[in-house]
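Taken together, the values in this text are just the output of simple stated rules run on the coordinates, not laboratory data. The model shown is predicted, which means the values in this text are computed figures rather than measured ones. Here the Cβ is made from the backbone with ideal geometry for all residues, glycine too, and neighbour counts use every protein chain on show.
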Amino acid sequence: MAVTIAHQYGAALAGRIAAGLPDGVRFVALGDNPDTGWAVPPEAEVLLVNQDSAAVGLGRSMPKPEGWPFGLRWVHLRSTGIDKYPDWIFAVPQVTVTRGGYAAPIAEYVLTAMLSREKSIPAIWARSRSEWRSHSLGGLEGQTLGIVGFGEIGKAIARRALAFDMSVLGTRRSPGPSGMDGVQIVPLATLLGRSDHIVVATPLTEATRGLLDAAALAGVKPGAHLINIGRGPVIDTEALRGALDGRLGAATLDVTDPEPPPEGHWLYSHPKVRLSPHVSGSAPLTEQTVTAFFRDNLERYLAGRPLAGLVDPEARY
């Protein structure tokens with residue numbers, strides 16, 4: 001039986017995905033714009049939502065398209081987070097995200113951030129003879145890494161950190177062991193108080209919004225390095241400023257609240273802050289990995305098997 005997949009992708013991405021589709025799949029372009037992107041044909045079972053949600057007008061407050069959810073049985077998101085999607089998306093029986101699809105490049109970004117801090121890069125680079133002098137450098141060996149939100153990205157970070165002989169702590173929603181040798185699941189306060197580097201990798205939900213507030217940040221280990229590759233609002237921005245002016249040693253932020261910060265915002269100029277424009281998931285193989293995730297899920301769908309990356313419509317994760 002033929003299956004119709006509707007998509008909101010641009011022509012280039014759509015062409016690359018279409019090249020790997022099995023026989024019997026009809027791939028229907030809706031256009032990467034809000035005028036046509038939600039005109040889902042009644043025969044479509046699957047909708048692929050544009051990663052650049054703004055291109056199709058998608059946001060938390062977007063009104064539900066007339067006729068939603070049409071005949072859809074599955075909506076797939078190339079992103080990993082769902083905090084920007086409206087509640088009506090979950091009227092579709094199955095919504096999937098690309099869980100773990102960006103884990104490798106994000107993990108590399110985190111290791112780079114930690115090593116840059118410990119090895120004082122780029123401050124140690126000598127550009128003249130007058131700058132040829134000794135430096136006291138740190139190291140990751142023997143340090144403790146805390147991962148707030150020990151999911152697929154957290155696991156990828158932990159594997160690399162363990163290879164550097166770090167101790168690794170984690171937090172997560174469900175109790176029990178981490179499932180990875182060398183990683184201990186602990187309460188958030190314990191993690192913050194013991195970790196030299198703290199990575200925020202938790203999704204944004206009502207439970208995690210403002211999780212790292214003034215009270216939480218007051219308990220960080222003095223001199224700790226905070227890295228956020230999750231979602232900006234998990235950290236209270238003004239509380240972060242107070243912590244950086246006090247016991248927190250540094251912050252590397254790939255996500256912020258607001259994002260991007262407006263011109264003149266203190267995050268751009270604070271001497272302890274390193275800011276990148278939400279690019280930690282970027283790498284040469286990222287698109288290939290993310291597309292392979294969808295193709296594997298399509299095989300599961302066509303075979304009637306459970307899908308990977310299913311979102312819990314109640315927990316919003």
Study note, to complete from the structure: In the chain, helical segments from DSSP H whose Cα atoms cover 18 Å or more along their own axis and that average at least -1.0 on the Kyte-Doolittle scale are 103-118, 286-303
Study note, to complete from the structure: Expected sort for GLU263, GLU45 with the fewest Cβ neighbours (10 Å cutoff) up front is GLU263, GLU45
Point to revise | Cα-based Kirkwood hydrodynamic radius, segment 103-275, one decimal, Å | key: 16.5 Å
Check your understanding: How much length is gained on full extension from ASN33 to ALA123, taking 0.36 nm per residue of separation minus their Cα-Cα distance?
Key -> 27.9 nm
Study note, to complete from the structure: Largest fluctuation, ASP236, ASP52, ASP23 only, Gaussian network model of the chain with Cα springs under 10 angstrom, belongs to ASP23
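To the nearest 500 deg cm²/dmol, what mean residue ellipticity at 222 nm is calculated for the chain from DSSP H runs of n ≥ 4 alone, each contributing -39,500 (n - 2.57), summed and divided by the residues?
When only DSSP H runs of four or more count, the value is -7000 deg cm²/dmol.
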Check your understanding: What length, rounded to one decimal in nm, is gained on full extension from ASP165 through to HIS278, with 0.36 nm per residue of separation minus their alpha-carbon distance?
Key -> 37.9 nm
Exercise for review: Measure out, as a whole number of angstrom, how far apart the alpha-carbon centroids of segment 131-157 and segment 251-289 sit.
Suggested key: 18 Å
Point to revise | Cβ-Cβ FRET estimate between ARG73 and ALA292, R0 fixed at 25 Å, reported to 0.05 | key: 0.70
Practice item. Return the single residue from GLY138, GLY264, GLY146 with maximal mean-square fluctuation; model: Gaussian network over the chain, springs between Cα atoms under 10 Å. Key: GLY264
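Set the Förster distance to 35 Å, then compute FRET efficiency between GLU66 and GLU299 from the Cβ-Cβ distance, nearest 0.05. Spell out each step's value before the answer.
Working: r = 33 Å, r/R0 = 0.93.
That gives a FRET efficiency of 0.60.
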Exercise for review: Would you look at the GNM of the chain, springs on alpha carbons closer than 10 Å, and say which of ILE121, ILE229, ILE198 moves the most?
Suggested key: ILE121
Study note, to complete from the structure: FRET efficiency (TRP266, LEU21; Cβ distance; R0 41 Å; to 0.05) is 0.25
Review point. Using bins 10 angstrom wide from zero, how does P(r) for the chain break down, in % of all Cα pairs?
Key: 5, 24, 30, 22, 13, 4, 1, 0
Practice item. Please work out, to two decimal places, the log10 of the ratio I(q)/I(0) at q = 0.29, 0.31 Å⁻¹ from a Debye calculation in which every Cα of segment 205-259 carries one identical scatterer. Key: -1.27, -1.38
Revision key, fill the gap. Working note, segment 24-77: Cα radius of gyration (Å, one decimal) and Dmax (Å, whole number) are 10.9, 36
